[in-house]
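Bear in mind that the values in this text are calculations on the coordinates, not laboratory data. Everything numeric in this text was worked out from a predicted model, so none of it was measured. Cβ atoms come from the backbone with ideal geometry, glycine included; neighbour counts cover every protein chain shown.
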Amino acid sequence: MSSVSTSTPFLSIVIPIFQAERTLRACVTSIQEQTWTDWELLLVDDGSKDNSLVVCNTLASTDSRIRVLHQENQGPSAARYTGVLHAVGTWVTFVDADDTLPPTALATLSSATSDTTDIVLGNGYSLRGEHRRCIPMTDFRHLAVRGEGTIGLPWGSLYRRAILNATHFDVPTDIRMGEDYIFWLRLVFSTERPVTIIYDRVYDKGEDHACSTFLWTAAYAFRIHELRKSAIPEEKRSDYLADMIEDRIDNLFTVAVTCPKHEWINSPFYQEIQADLHTLHKQLSLKRRLVLHLPSRFWRKTYSRISNLLYKCKRLTNP
């Protein structure tokens with residue numbers, strides 16, 4: 001596929017921006033240095049209070065492919081949708097303002113597009129044990145519900161602009177962690193076409209401050225689950241019950257290391273996990289039950305850190 005520019009760009013790149021004056025230039029530079037040049041860039045300033053908008057305007061003044069949009073603060077999902085509304089490319093990709101792209105990222109992703117798919121997923125090496133270049137949507141939905149790899153994160157993938165709509169981005173403004181996961185779930189249930197997978201590295205994630213400072217609670221995890229259920233058609237939810245349980249158990253262990261036991265042991269979130277396990281005639285493994293019943297957050301957190309360390313060592317010795 002040619003990368004020669006046309007009057008209507010093939011690809012629209014949307015960057016939601018909030019308080020990003022420190023990292024934005026490097027992010028945009030990595031896009032300008034792409035080997036693939038048939039793109040437009042929409043910088044959506046989401047009510048920044050720093051000099052982000054000034055930086056946006058400066059960058060746009062030197063490159064006609066860059067457009068600047070400004071709105072009152074509504075959160076990253078709303079900012080992405082504002083970009084989509086103004087995009088003209090056949091395909092859309094999202095980049096966060098504190099991240100960068102390897103030089104051939106857009107060329108690699110764009111070369112994988114076709115008339116038979118609506119989604120191209122990059123960084124596919126993050127999928128456990130998966131090697132297929134094309135995954136039927138019926139299979140991919142199970143991966144999406146479980147949040148495998150980078151599924152559930154908006155960046156590093158291409159989306160056919162024609163399938164994106166307001167519903168995909170309509171997430172309550174106080175949902176700041178997990179809103180991208182809901183976007184993905186709504187997206188994969190709005191198309192039947194298979195997903196093309198790129199196993200190359202096509203995205204470089206910057207330092208993630210939000211994940212490191214966010215504290216999950218049982219109430220918050222329950223809200224995410226309610227949004228998850230609403231994204232899956234009611235008549236199909238039983239097909240994905242095992243996947244929903246698996247993802248919630250991951251959330252449960254995150255909650256267990258950050259919150260006292262009395263805050264989650266009798267919560268609707270924990271009780272519904274137990275009820276759904278009972279429906280499938282399953283229960284938590286003995287190991288998991290023992291970890292959850294450790295006497296304090298200190299011991300649960302210590303166990304979690306040791307497990308993560310052992311996992312990283314295993315990945316290094318068995319790449």
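Using only the Cα atoms of the range 215-317, construct the convex hull and provide its projected area averaged over every direction, in square nanometres to one decimal. Averaged projected hull area, Cα only: 7.5 nm². For the range 27-146, the extents of the C-alpha atoms along the principal axes are 44, 31, 25 Å, listed from largest to smallest.
The percentage of C-alpha pairs in the range 11-211 whose separation is greater than 30 Å is 14%. Listed cross-link partners 49/229; 205/236; 229/282; 205/261 are compared with a 31 Å cut-off, the Cα-Cα value being larger for 49/229; 205/236; 205/261. Here the 3J(HN,Hα) profile of the range 273-286, calculated from phi with Karplus coefficients 6.51, -1.76 and 1.60 at θ = phi - 60°, is 4, 4, 5, 5, 4, 4, 4, 8, 6, 10, 8, 4, 4, 4 Hz, Gly and Pro shown as x. Angle of helix 137-146 to the longest C-alpha principal axis of the chain, folded into 0 to 90 degrees and rounded to 10: 60°. Peptides 9-21, 214-226 ranked from most to least packed, by the mean per-residue count of other Cβ atoms within 10 Å: 9-21, 214-226. For residue 202, the residues whose amide H sits under 5 Å from its own are 123, ignoring neighbours fewer than 5 places away on the same chain, with H placed 1.01 Å from N.
Reducing the range 45-65 and the range 172-208 to their Cα centroids gives an inter-centroid distance of 25 Å. Report the antiparallel proportion of the DSSP beta bridges in the chain as a percent, rounded to a multiple of 5. Percent antiparallel among DSSP bridges in the chain is about 30. The phi-based Karplus calculation (6.51 cos²θ - 1.76 cosθ + 1.60; θ = phi - 60°) puts the 3J(HN,Hα) values of the range 122-129 at x, 6, x, 4, 6, 7, 6, x Hz, whole numbers, x for Gly and Pro.
Expressed in units of 2.2 N^0.38 Å, where N is the residue count, the Cα radius of gyration of the range 14-97 is 0.98.
Semi-axes of the equivalent ellipsoid for the range 127-275, computed as √(5λ) from the eigenvalues of its C-alpha gyration tensor and ordered from largest down, come to 26, 18, 15 Å.
Calculate log10 I(q)/I(0) of the range 245-303 for q = 0.14, 0.20, 0.23, 0.30 Å⁻¹, where I(q) comes from the Debye formula with a single equal point scatterer on each Cα and nothing for solvent. The calculated log intensity ratios at q = 0.14, 0.20, 0.23, 0.30 Å⁻¹ are -0.35, -0.73, -0.95, -1.43. With contacts defined as alpha carbon pairs under 8 Å and 6 or more residues apart, what's the relative contact order of the range 11-211 in percent? Dividing the mean separation by the residue count of the range 11-211 yields 27 percent.
If one takes the longest principal axis of the Cα atoms in the chain, at what angle in degrees, from 0 to 90 and to the nearest 10, does the Cα axis of helix 52-61 lie? Approximately 30 degrees, to the nearest ten.
Our summary gives the range 215-317 a relative contact order of 32 percent, counting only alpha carbon pairs under 8 angstrom and 6 or more residues apart.
Using Cα pairs closer than 8 Å and at least 6 residues apart in sequence, work out the relative contact order for the range 177-264, in percent. That works out to 43 percent.
For the peptides 290-297, 95-102, the ranking by mean Cβ contacts within 10 Å, running from highest to lowest, is 95-102, 290-297.
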